[in-house]
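Student: What follows is a single structure, and I will ask about it in a moment.
Nothing in this text is a laboratory measurement; each read-out follows from the coordinates by a stated rule. Computed from a prediction, not measured in an experiment: that's the story for all the values here. In this analysis, Cβ positions are derived from the backbone assuming ideal geometry, glycine residues included, and neighbour counts consider all displayed protein chains.
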Amino acid sequence: MRFVVATLHFAGLGFAIRLQDEGHEVLMAAAGIDDRRLEDRYQLVGTGLVARQPLGDVMRDRAQWRDAIWIWDENHSVGQNELIRAEGYRVFGGGTYADTMEHDRDACLRLMGSYGLVPPPSHAFTDPADALRFLEETPDAAFVYKPDVGETFETWLPQSDSAAEANLELRQHLRTITNSGPFVLQERKDGIETNIEVWFVDGEPVFAFMALESKRKLTGDLGDFCGCAFDFTFVIPLESKAVTESVGRLFPEYRKMRYTGFGDANFIVARDGIWFFEKCERFGYNAHPNLFWNLNRAPLGETLAALLDGSFRPDFAPGFGASLSVYQDHPAPGKAVQFNETVARNIYLYDVYRQDGQLLSAGYYGEALLIACGFGYTIPTSWEAALAVASAVHVAGKSYRLDGAGTDFPTSPLRRYEALDAMGYL
């Protein structure tokens with residue numbers, strides 16, 4: 001088979017390499033970036049590992065790839081995605097719907113609200129002074145600061161357990177921010193956060209899994225927020241409470257669209273009900289490498305082709321997949337990345353290239369150089385397997401979390417799994 005992986009930040013590089021290893025013809029089509037400071041590093045990613053061309057050139061010559069499966073690894077280049085869909089090309093991921101759900105929060109919340117999924121109460125501001133007055137008028141409530149535009153790490157969560165003390169923390173934070181853009185203060189909910197993803201073929205749900213993710217970069221839930229520091233994935237029944245009370249409410253919408261792909265919901269289970277956070281329906285970050293590297297028993301190419309021709313039958317192992325983002329403290333191009341062949345199949349490559357037979361860091365994507373993956377029949381054993389892979393990687397400034405199976409930090413997946421199971425959601 002032939003595949004085109006349309007990419008913005010090369011989140012799909014690992015998929016492209018795996019497809020190529022399975023014997024398929026693969027081309028990465030890069031959308032490009034505007035930041036000239038990073039352009040040289042951007043051009044390195046994937047070089048020497050898989051064929052790559054600018055997405056604009058591939059679109060111009062797309063007739064040469066008429067028989068290919070086109071994969072969008074993130075929500076970008078929506079116009080090109082919709083164009084080839086309209087022309088009858090086989091396309092997986094991306095498009096107007098997924099892009100809207102991720103990037104147009106108002107539209108996403110309207111759709112979710114129509115099916116009974118609502119976020120924690122949120123209050124929009126453009127001026128920190130107005131937000132400070134609001135907090136002073138609600139001194140016993142805790143909120144999270146979320147900028148409308150900005151980096152992941154700019155989201156700010158108070159550390160105090162007490163709502164009143166958390167309110168005071170946030171007031172101090174607001175007095176120091178320099179970001180002048182609009183933001184929301186979202187009521188902090190005490191509960192269990194999780195993510196559910198359901199896969200659809202022509203609008204019908206066929207498979208579901210849960211991802212328990214931690215976003216802080218450093219052990220102990222310290223440091224900045226990032227895309228994903230580590231996560232655990234495992235199969236759950238479509239009839240489970242976790243599905244029926246989240247993505248399951250949207251089944252009529254997916255049937256109406258005759259949607260093929262995946263639909264997710266990130267939410268928190270609290271004492272006062274379920275509260276919706278976001279949808280991020282893109283083929284990137286850790287959950288999908290985790291799912292396909294650790295749990296999927298069929299070849300990747302066959303799975304993607306079956307989804308698009310309607311013959312998909314889930315073939316995922318029981319147990320748990322663990323993923324662990326390995327990054328460099330100071331990302332830089334040209335640093336040797338070394339590991340032996342015994343762990344190669346358990347590694348998902350992100351920010352690397354090959355030159356003169358040596359795998360090197362590109363230094364473009366600072367949040368993950370690669371992802372170490374591991375399988376186990378419990379959360380702790382899957383974590384141990386992922387840690388073993390990460391420890392076998394040698395690169396300057398290597399960093400990753402050590403406590404994925406721990407129970408002494410706020411987002412402990414093991415404790416969250418136990419809570420969701422006890423409450424009957426699994």
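Student: Using the Kirkwood formula on the Cα atoms of segment 191-422, what hydrodynamic radius do you get, in angstrom to one decimal?
Tutor: 18.4
Student: Compute the distance in nm between two label points, each set 7 Å from the Cα along the Cα-to-Cβ direction, one at Asp421 and one at Ala317.
Tutor: Here the modelled spin labels are 1.9 nm apart.
Student: Multiply the residue gap between Thr47 and Arg171 by 0.36 nm, knock off their C-alpha separation, and tell me the result in nm, one decimal place.
Tutor: 39.9 nm
Student: Sum -39500 (n - 2.57) across every DSSP H segment of at least 4 residues in the chain, then divide by the residue count to get the 222 nm mean residue ellipticity, nearest 500. Spell out each step's value before the answer.
Tutor: Values: 15 runs with 122 residues, N = 426.
Using -39500 (n - 2.57) per qualifying helix, the result is -7500 deg cm²/dmol.
Student: What is the extension gain from Thr126 to Asp224, computed as 0.36 nm multiplied by their sequence separation minus the C-alpha to C-alpha distance, in nm to one decimal? Each step should come with its number before you reach the end.
Tutor: Numbers: separation 98, 0.36 × 98 = 35.28 nm, distance 2.35 nm.
Roughly 32.9 nm would be gained on extension.
Student: Hey, which aspartates and glutamates would be in cross-link range of Lys241, C-alpha to C-alpha under 14 Å, not counting anything within fewer than 8 residues on its own chain?
Tutor: Of all the aspartates and glutamates, those that pass the test against Lys241 - Cα under 14 Å, at least 8 places apart if same chain - are Glu197, Asp421.
Student: Sticking with this structure for a sec: Kirkwood Rh over Cα pairs of segment 122-187 into Stokes-Einstein at 4 °C, 1.567 mPa s: D in µm²/s?
Tutor: In µm²/s, the coefficient rounds to 111.
Student: Of all the C-alpha pairs in segment 1-109, what % are more than 17 Å from each other?
Tutor: Result: 53 percent of Cα pairs exceed 17 Å.
Student: A further question follows. Non-local amide H neighbours of Ala51 (under 5 Å, H modeled in plane, Pro and chain starts lacking H): which ones?
Tutor: Under 5 Å from the amide H of Ala51 lie the amide H atoms of Met28, each far enough along the sequence or on another chain.
Student: Another one. Long-range amide H contacts for Thr7: which residues qualify at under 5 Å (H placed 1.01 Å from N, peptide plane, sequence gap of 5 or more or a different chain)?
Tutor: The list, which skips near neighbours in sequence, is Ala29, Ala30, Ala31.
Student: Does segment 226-338 classify as rounded, prolate or oblate by the C-alpha gyration tensor (a ≥ b ≥ c root eigenvalues; a/c under 1.5 gives rounded; else a/b over b/c gives prolate, otherwise oblate)?
Tutor: Verdict is oblate for segment 226-338.
Student: For Arg90, list long-range residues whose amide hydrogen, built 1.01 Å from N in the peptide plane, is under 5 Å from its own amide hydrogen.
Tutor: Trp70
Student: So, by mean Cβ neighbours within 10 angstrom, what's the order for 300-307, 216-223, 316-323 with the highest one leading?
Tutor: Working: 300-307: 19.0, 216-223: 16.4, 316-323: 22.1.
Sorting 300-307, 216-223, 316-323 by mean packing, highest first, produces 316-323, 300-307, 216-223.
Student: Once you've got the Cα coordinates, tell me which of Lys215/Lys335; Lys217/Lys398; Lys146/Lys279; Lys189/Lys256 are over 21 Å apart.
Tutor: Lys215/Lys335; Lys189/Lys256
Student: Mind listing which GluC sites (Glu not before Pro) in segment 101-158 are in a DSSP loop and have 14 or fewer other Cβ atoms within 10 Å? Provide the component values of the computation, followed by the final result.
Tutor: Details: sites: Glu102, Glu136, Glu137, Glu151, Glu154; in loops: Glu151.
For GluC sites (Glu not before Pro) across segment 101-158 that sit outside H, G, I, E and B with at most 14 neighbouring Cβ atoms in 10 Å, the list reads Glu151.
Student: Then there is this: Grab the Cα-Cα distance for Arg85 and Asp21, subtract it from 0.36 nm times how many residues apart they are, and report the gain in nm with one decimal.
Tutor: Full extension from Arg85 to Asp21 adds 20.3 nm.
Student: Arrange the following residues from fewest to most other Cβ atoms within 10 Å of their Cβ: Met112, Met28. Don't skip to the end; give the middle numbers.
Tutor: Values: Met112 23, Met28 28.
Result, fewest neighbours first: Met112, Met28.
Student: Can you pull the three principal axis extents for the Cα set of segment 50-107, in Å, largest first?
Tutor: Extents along the principal axes, in whole Å: 39, 24, 16.
Student: Moving on. Compute from the Cα atoms of the chain the Rg and the Dmax, the latter being the longest Cα-Cα distance, and quote both in angstrom.
Tutor: For the chain, the Cα radius of gyration and maximum Cα-Cα distance read 21.3, 63 Å.
Student: Could I ask something else about it? Taking every eigenvalue of the Cα gyration tensor of segment 239-293, multiplying by 5 and rooting it, what semi-axes result, largest first, whole Å? Please list the in-between numbers first.
Tutor: Values: eigenvalues 82, 58, 21 Å².
Semi-axes from the Cα gyration tensor: 20, 17, 10 Å.
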